[in-house]
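In what follows, a single structure is set out as structure tokens and then discussed.
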Amino acid sequence: MEGPEPGNEATDPRRRRWLAGAGLAALGGLTAALPLAARAEEEKSTDVLAVEDLMREHGVLRRALLVYAQAADQLGRRQAIPAEALHRAAELFRRFGEDYHERSLEEEHVFPAVIDAGGEPAAICRILATQHRRGRQITDYVLAASAGTAVGRSRMDTLAGVLEGMVRMYQHHTAIEDTVVFPAWKRTLTPARYSALSEQFEALEKRMFGHDGFEDAVQRIGTVEQAFGLADLATLTAAPPPASPAR
Ligand SMILES: [Fe+2]
Ligand SMILES: [Fe+2]
């Protein structure tokens, strides 16, 4: 692949930027503008664009699903679970997943554009919207079932089944969004519109959650994982398979 020729100001953007900065400095009295310009350039290159933003939000939600799967497994074996931590996972799903990620981003911006473009991705968006509504019913249930200090034995099986259903649905839901819907959405946008929407998403996140909603959500799900004994990633490494498949 052809890249910029290092040092050639016509083709190397880094050199063009350096020369532009050097020109400003040479004008005198503007030397302070160089670090500022460099900082602005640096910030731009580390900006999170819309699809990366949506996908890393899926990462937080999938970590909540790992907690749901763990809770379902323990409940299915009639083991007590830290109900208060499950409640916090469901609250995070409600606020960060349903109110922000689903309602304010996907249903407001992504799905309408993909549905307008038509075809298979449009049909998929209608199913995904139905799954958002089902997920909210499930979150209502999980919030109610985990409201006390413990889950009663009579409710364990039902709650386990509800959590398993949510895990199965939402794992596929996010995978289809990542691989089909978000690429289809990006194809509907000009680079300028995509850049503007990326900034809009960031501004909305700050408005809804303060300085950095994503960092806050990561920290919250981290404390829930600790309560469920899931904080040590190494413990999730699979056991080695047997030497040869059993016949
Ligand atoms: Fe979704
Ligand atoms: Fe999503």
**Fill in**
Filter segment 160-176 for residues that are aliphatic (A, V, I, L, M) and within 12 Å of ligand 1 (Cβ to nearest atom); the one that is nearest to SER146 (Cα to Cα) is MET169
**Item:** Yes/no for ALA234 being over 30 Å from PRO112 (Cβ atoms), open to solvent by less than 100 Å² (accessible area, probe 1.4 Å), out of contact with any helix residue (DSSP H, G or I) (no Cβ under 9 Å at 6 or more places or on another chain) and of a type outside the set (D, E, K, R)
**Value:** yes
**Request:** Return a yes/no flag: does segment 95-112 have any residue that is among the hydrophobic types (A, V, I, L, M, F, W, C), within 16 Å of ligand 1 (Cβ to nearest atom), open to solvent by 30 Å² or more (accessible area, probe 1.4 Å) and at pLDDT 95 or above.
**Result:** no
**Near pairs, Cβ below 7 angstrom, 6+ apart or cross-chain, from segment 205-224 (closer than 10 Å to LEU92 by Cβ and at pLDDT 90 or above) to any residue that is open to solvent by 30 Å² or more (accessible area, probe 1.4 Å) and in a helix (DSSP H, G or I)** = ASP216/PHE209; ARG220/ARG88; ILE221/ARG63; VAL224/ARG88
**Fill in**
Just one listed residue, out of VAL151, VAL181, is more than 13 Å from ligand 1 (Cβ to nearest atom) and surrounded by 19 or more Cβ atoms within 10 Å (Cβ to Cβ), and it is VAL151
**Message:** I want to confirm something. Restricting to segment 113-126 and keeping residues that are more than 10 Å from ligand 1 (Cβ to nearest atom) and closer than 21 Å to GLN137 by Cβ, which single residue is least open to solvent (accessible area, probe 1.4 Å)?
**Reply:** ILE124
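If a residue must be surrounded by 14 or more Cβ atoms within 10 Å (Cβ to Cβ), away from ligand 2 (no atom under 16 Å from the Cβ) and either over 15 Å from GLN79 (Cβ atoms) or among the basic types (Lys, Arg) (or both), how many such residues does segment 156-178 contain?
Of the residues in that region, 3 qualify.
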**Prompt:** Can you name the residue in segment 184-220 that is polar (S, T, N, Q) and open to solvent by 40 Å² or more (accessible area, probe 1.4 Å) and is also farthest from GLU98 (Cα to Cα) among such residues?
**Reply:** THR190
**Complete:** Filtering segment 44-83 down to residues that are assigned to a helix (DSSP H, G or I), open to solvent by 20 Å² or more (accessible area, probe 1.4 Å) and acidic (Asp, Glu) yields GLU52, ASP73
**Complete:** Across segment 57-105, the tally of residues that are in contact with a Ser or Thr (Cβ under 7 Å, 6 or more places away or on another chain), away from ligand 2 (no atom under 16 Å from the Cβ) and among the aliphatic types (A, V, I, L, M) stands at 3
**Prompt:** Cβ-Cβ below 7 Å, separation at least six or inter-chain, first residue in segment 156-177 and more than 29 Å from LEU54 (Cβ to Cβ), second more than 13 Å from ligand 1 (Cβ to nearest atom) and among the basic types (Lys, Arg): which pairs?
**Reply:** MET156/ARG78
**Prompt:** Residues of segment 113-161 being of a type in the set (Ser, Thr, Tyr) and modelled with pLDDT of 95 or more, which ones?
**Reply:** THR130, THR139, TYR141, SER146, THR158
**Complete:** By residue number, the members of segment 120-155 that are of a type in the set (Gly, Ala, Ser) and either touching a helix residue (DSSP H, G or I) at 6+ places or on another chain (Cβ under 8 Å) or within 16 Å of ligand 2 (Cβ to nearest atom) (or both) are ALA122, ALA129, GLY135, ALA145, SER146, ALA147, GLY148, ALA150
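The values are calculated or read from the model by the stated rules, or taken from the named source; none is laboratory data. Note that the structure is predicted; figures quoted are calculated from it, not measured. So basically every Cβ, Gly included, is an ideal-geometry build from the backbone, and we count neighbours across all protein chains shown. Accessible surface is based on the protein model in full, side chains and every heavy atom, while ligands, DNA and RNA are left aside. Shrake-Rupley method; radii C 1.70, N 1.55, O 1.52, S 1.80 Å.
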